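Report on the structure given below.
The values are calculated or read from the model by the stated rules, or taken from the named source; none is laboratory data. Quick caveat: nothing in here was measured; it's all calculated off a predicted structure. Heads up, the Cβs are rebuilt from the backbone with ideal geometry, glycines too, and the neighbour counts pull from every protein chain shown. The accessibility values were calculated without ligands, DNA or RNA, using every heavy atom of the protein model including side chains. Shrake-Rupley method; radii C 1.70, N 1.55, O 1.52, S 1.80 Å.
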Amino acid sequence: MDYISTRGSAPALDFAGVTLAGLASDGGLYVPREWPRFSADDIAAMRGLTYVELAVKVMLPFVTPSLSEDELRGLCTAAYGRFAHEAVTPLKQFDQQHWLLELFHGPTLAFKDVALQLLGRLFEHFLSKSDAHLTIVGATSGDTGSAAIDAVAGRERVDIFMLHPNGRVSDVQRRQMTTVRAPNVHNIAIDGTFDDAQAMVKRMFNDAAMTDRFRITAVNSINWARLMAQVVYYFAAALQLGAPDRKVAFSVPTGNFGDVFAGYVAAQMGLPVEKLIVATNVNDILHRALSTGDYSAGTVTPTAAPSMDIQVSSNFERLLFDVGGRDGAAMAEQMRGFESTKAMQLTNAQREGAAALFTSVRCDGDEMNRAMAWANEHCGEVIDPHTAIGLHAARVAGIDPAVPVVTLATAHPAKFRDAVERATGQRPPLPARMGDLFERAESYVQLPGEYEAIAAFVESHATESR
Ligand SMILES: *Cc1c(COP(=O)(O)O)cnc(C)c1O
């Protein structure tokens, strides 16, 4: 498979190329040149496969020829061997119509492990072939940082520098990052907010003095390999509920539009999907865009579901490109407009194309709390605030009662135990495998919120590579 940029002017790359590049050089995002397609018979033949074998079937068309089938299988076996559940992403029942897909059995208790455990191994694999070295620089408000650190800790040819705002992430989230002891992991607590940290990371990507010496990359969901890994669990859930003979709907707690875009990819590959429900909190740019065509960023309101407190959803560009006729020049023009005014209107083709598969629901704090309480009281399930937003949306989206609706459970409730306790009276314990998190020693440096200090630290600890 080769990959093209949504903005039309970056060179096409193979899978190894897009994995290492992250963002395209024209500022766009890479998408496959065409969607691989499975027939109903192909999908029926996937029933009963283990998660790893299913992952190999679903991802092979995307990674060929950069990886052989055996190489892909080896990487998946190692990545998904880190999960605490044999099924990797087990499916549970709420009631006659509603189901819960638990994506949080990985090492850091959020769905981001499903993709990042594989991505860390892909980096190592491709870098060893080209004798290169990668410097990952990121800013985190919580889940991405811990999942990325766990995924690359101790791997060869990769260093990771993760900035978090000092004193502004939860104890569990900070300890999940700072108790990982590996020489290639560098935790930096900066004085300032998440936005300050993010601004410094962006500045480093544009700082030629740094990018000339170091091969700097990001690990957020602009990386195609992350989305690809997430396509697999849509197949896994639908197969259990009767695919390809029966359609399934999915409700997805959404921030950067990565997870739900993976559902769109599954549908393009032939999986019979009835609807994809985009569940947002009060930071509802995607709900406004999908319901009225108005994509305009406001200011971020902090909520109890912080991983969805996002105003600009990077991966939405991939959808707009695909449903808008795959016109890179037009997309570049539309995004230039958005970048200068922070607002744009979807075209009619984009609105109609999106409406065919997507619907959206905005969920406020009361509705989120009621969904947590409902799951606990009626099904004995303690769910996290992000998942609760998905469940609320699933129950009010008006899906035909004959169609099963799967809510994606994106985080373990123990990761957000204060909010869960407020809504349900239950304080979910950390899983046994994390039991000693509060006894482990922490390691991080504290730096002032000044770009020069951060850049000097990275310079003195990273490995040069062109
Ligand atoms: C990252 C995250 C989300 C949002 O996922 P996107 O792919 O950015 O839409 C939702 N819930 C949790 C718990 C997350 O960590």
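Here are a few things to note about the model shown:
- Along each principal axis, Cα extent of the chain, largest first, Å: 60, 50, 48
- Applying 1/(1 + (r/R0)^6) with R0 = 25 Å to the Cβ-Cβ distance of Ser460 and Asp195 gives a FRET efficiency near 0.45.
- Region 447-464 residues near the modelled Arg213 label - backbone nitrogen below 12 Å, point 7 Å along Cα→Cβ: 455-464
- Per residue solvent-accessible surface (Å²) - the chain, probe of 1.4 Å: 37
- For the residue pairs Lys129/Lys342; Lys57/Lys415; Lys57/Lys129, the C-alpha atoms sit more than 30 angstrom apart in Lys129/Lys342; Lys57/Lys415.
- Computed about the Cα centre, the dipole magnitude for region 53-99 is approximately 120 debye when only Lys and Arg (+1) and Asp and Glu (-1) carry charge, each at its Cβ.
- Near the amide H of Thr217, within less than 5 Å, lie the amide hydrogens of Thr135, Ile136, Val137, all on another chain or at least 5 residues away, with H placed in the peptide plane.
- Rotationally averaged projected area of region 122-214 (alpha carbon convex hull; nm²): 6.0
- Cα→Cβ-extended label distance, 7 Å offset, between Glu452 and Asp418, nm: 3.6
- Label point 7 Å beyond Cα of Leu49 along Cβ direction - residues of region 261-295 with amide nitrogen under 17 Å: 263, 265-272
- Surface composition of the chain: carbon and sulfur make up 47 percent of the accessible area, probe 1.4 Å.
- Once the chain from Asp245 to Ala297 is taken as fully extended at 0.36 nm per residue, the excess over their C-alpha distance is 14.7 nm.
- Accessible area (Å², 1.4 Å probe, nearest 10) - Ser141: 50
- The heavy atoms of Leu23 present about 80 square angstrom of accessible area, all protein chains included, probe 1.4 Å.
- Only Cα pairs under 8 Å and 6+ residues apart enter the sum, and on that basis the relative contact order of region 336-466 stands at 18 percent.
- The charge dipole of the chain, taken about its Cα centre with unit charges on the Cβ of Lys, Arg, Asp and Glu (plus for the first two, minus for the last two), comes to roughly 260 debye.
- Inter-label distance, nm, simple model (7 Å from Cα along the C-beta direction), Ala355/Ala432: 5.3
- Over 25 Å [Cα-Cα, region 309-441], rounded percent: 47
- Packing order of peptides 100-106, 378-384, highest average first: 100-106, 378-384 (average count of other Cβ atoms within 10 Å over each peptide's residues).
- Kirkwood-based shape ratio for region 16-102, expressed as Rg/Rh from alpha carbons: 1.04
- Ranking Leu241, Phe104, Leu122 by Cα position along the charge dipole of the chain, where only Lys, Arg, Asp and Glu carry charges on their C-beta atoms, puts Leu241 farthest toward the positive end.
- Note on Val396/Glu71: beta-carbon distance plugged into 1/(1 + (r/R0)^6) with R0 of 56 Å gives a FRET efficiency of 0.80.
- The heavy atoms of Lys57 offer some 100 square angstrom of accessible surface to a 1.4 angstrom probe.
- For the chain, the relative contact order is 20 percent, taking Cα pairs closer than 8 Å that sit 6 or more residues apart in sequence and dividing their mean separation by the residue count.
- Dipole axis of region 174-293 (+1 Lys, Arg; -1 Asp, Glu on Cβ), positive-most option in Ala267, Ser291, Thr179: Thr179
- Ellipsoid semi-axes for region 19-176, based on the Cα gyration tensor and the rule √(5λ), read 27, 24, 15 Å when sorted largest first.
- Look at the alpha carbon pairs under 8 Å that are at least 6 residues apart: their mean separation over the length of region 67-106 gives a relative contact order of 33 percent.
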